[in-house]
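Notes to accompany the following structure.
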Amino acid sequence: MDFDAPEEHALLRDSVRQFFARELPETQIREYDQARKIPREIWKRFAEQGWLGLSIGTEHGGSNADVLTGAVLCEELSRQFPSLAMDWVLLSMTARTFREHGTEAQKAEYLPRLAQGEFIMAFGMTEPSGGTDILGLTTRASHDDDCWTVNGQKLFTTFAGDADAILVLCRTDPIENEKRARGLSLVLTPRQQSGVEVRRLQLMGMRAGGTSEVFFDDAIAPGDALVGERGRGWYTLLSSLDEERILSAAIYVGITAAALDIALQYAKDRAAFGRPIGAYQAVQHPLADVATELTQIRLITEKAAWLLSNGRPCAEEAAMAKLAASETAIRCTDRCMRVLGGYGLVEESPLERLFRDARLGPFSPISNEMVKNFLGERMGLPRSY
Ligand SMILES: Cc1cc2nc3c(=O)[nH]c(=O)nc-3n(C[C@H](O)[C@H](O)[C@H](O)COP(=O)(O)OP(=O)(O)OC[C@H]3O[C@@H](n4cnc5c(N)ncnc54)[C@H](O)[C@@H]3O)c2cc1C
C-alpha cells in the first residue's frame, strides 16, 4: 500500500489556495454568498486554470484527469467556497455525461465550450413531488416537427438561472412493463426562451449556487437535443452515480477541513482566564475528534476515488464516503462553532457560512437514508423500499 499523495496533487492544492488568495479572498466570497450569485467570469478564470476541463478528454480541450484528481480539486474548492464546489461538481458531471453518452457532433460542439467556461449547463432531475422517488417525475417531452416540446416543472435545479441550457430528465415514452425507469430521456433544453421560466430559491445554505425552480411551458429543444439513448435516460445517469457521490463526499471533507483550521486558529488566539482557550481540555478534545474524523472521511473518499480511477467497482465505497463525509461535516462544523462561541454566529466568520453549507450534505445528491437502504441491500438484506 502506498499512502503518499502524488506530487501533482500537492501542486493542485497549492494552486487552488493561491488562486483564492489572489483572486477570490474571503471578503469577496462573503459578498457572493450574500448576493446569492457566482458571476460568470469566475468560470472563465476557472477554465484558464484548466479546472473546467478535468473530466473532458484532451481531444476536446480538457485534461482527461482521473476522479481522484477531481476529488482533490473539489476538496480544496470547498475548503474556500462550498457553493462554488457544488457548482463545479455539476459542471463536471454534465461534461462527463456528454463525454460518455453524447453523439460525436454533440461532443465536438459542447465539450470544448464547457472546458473554456463558454457554455454552462444545469442538470434538472428533482421535481416538486420529490427527489428521492425521482422515477415518479411528471415532466414530459414530445417529439414532432423535428423538435422536442418540454412541459413540466423542476425544483432545486442548481445553476438554472445562469445556464445556457438545462439537461432535463423527462418522460419521452410510456412506462414499459411497469418499470418506471424505462421511457425517460435526457433532453438538452436551451434556457433563454419564452417557454422556460427560472425562479431562484432563497436557500439557507449553498446560497451562491444559484439553485432554482424551473417551469417548462411548451419549451422547445432542437431535434438532436437527446443526450444518450432515447428512453434510457435513467440508465445514462446511473453510470455517473459513483463519481457524483465521491465528489460530493469531497465537498464535505473540504468543509470539515476548513472548519478545523478556523477553530484551531481561534483556540490558539482567544484567551480566557489568562490562557488561550485551546489550553483547556474541553476545547482540545473536540478538536482532536474533528481531526480524527477528518482523516477518516478523507481516507474513505480517496479510496473510493482511487478505486474508480483504476476502473474498479466502488459503489459501496462511494456511497459510504458520501454518507460518512456529509454526516461528519454536520457534526464537526457544530463542534467548531462551539469553540468560536458568539463569533461563530457572526456573518464575517467563514464558519457561519460553512455551518450553513454543510446542511445540504445529508440529502443531496441522494439522501443518507437512501444511501443506507442501498448499503443494506448490498449486504444481502431485502430491499427496504
Ligand atoms: C442546494 C441544492 C442543490 C440541488 N441541486 C440539484 C440539481 O442541480 N439538480 C437536481 O435535479 N436536484 C438538485 N437538488 C435536489 C436534491 O437532489 C434533492 O433535494 C434530494 O434528492 C432529496 O429530495 P427531496 O428534497 O425532494 O426530499 P424527499 O425525496 O422528499 O425526501 C424527504 C425525506 O424522506 C426520506 N425518504 C424518502 N424515501 C425514503 C425511503 N424509501 N426510505 C427512507 N427514507 C426515505 C429522505 O431520505 C428524506 O429524508 C438540490 C437540492 C438542494 C437543496
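The values are calculated or read from the model by the stated rules, or taken from the named source; none is laboratory data. None of the values given here were measured: they were computed from a predicted structure. Glycine also receives a Cβ, built like all others from the backbone with ideal geometry; neighbour counts cover every protein chain displayed.
Data for the structure
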| quantity | calculated |
| --- | --- |
| Residue tally, condition small (G, A, S) and within 24 Å of G209 (Cβ to Cβ), over the stretch 94-126 | 5 |
| Tally, over the stretch 326-385, of residues that are within 14 Å of the ligand (Cβ to nearest atom) and outside any helix (DSSP H, G or I) | 9 |
| Selection status of T301, at pLDDT 95 or above, of a type in the set (S, T, N, Q) and crowded, with 20+ Cβ neighbours inside 10 Å | yes |
| Criterion: surrounded by 15 or more Cβ atoms within 10 Å (Cβ to Cβ) and at pLDDT below 95 - qualifying residue of S326, S309, S240, S248 | S240 |
| Test: residue in the stretch 112-129 that is of a type in the set (K, R) and touching a strand residue (DSSP E or B) at 6+ places or on another chain (Cβ under 8 Å) | no |
| Spans of helices (runs of 4 or more DSSP H) in the stretch 1-117 with at least 3 residues surrounded by fewer than 14 Cβ atoms within 10 Å (Cβ to Cβ) | 7-23, 26-35, 41-49, 104-115 |
| Any chance G70 is more than 16 Å from the ligand (Cβ to nearest atom), under 16 Å from the mean Cα position of the chain (by Cα) and of a type in the set (G, A, S) | yes |
| All positions within the stretch 321-340 that are over 18 Å from V89 (Cβ atoms) and among the aliphatic types (A, V, I, L, M) | I330, M337, V339, L340 |
| Residue in the stretch 209-231 that is within 12 Å of the ligand (Cβ to nearest atom) and of a type in the set (D, E, K, R) present | yes |
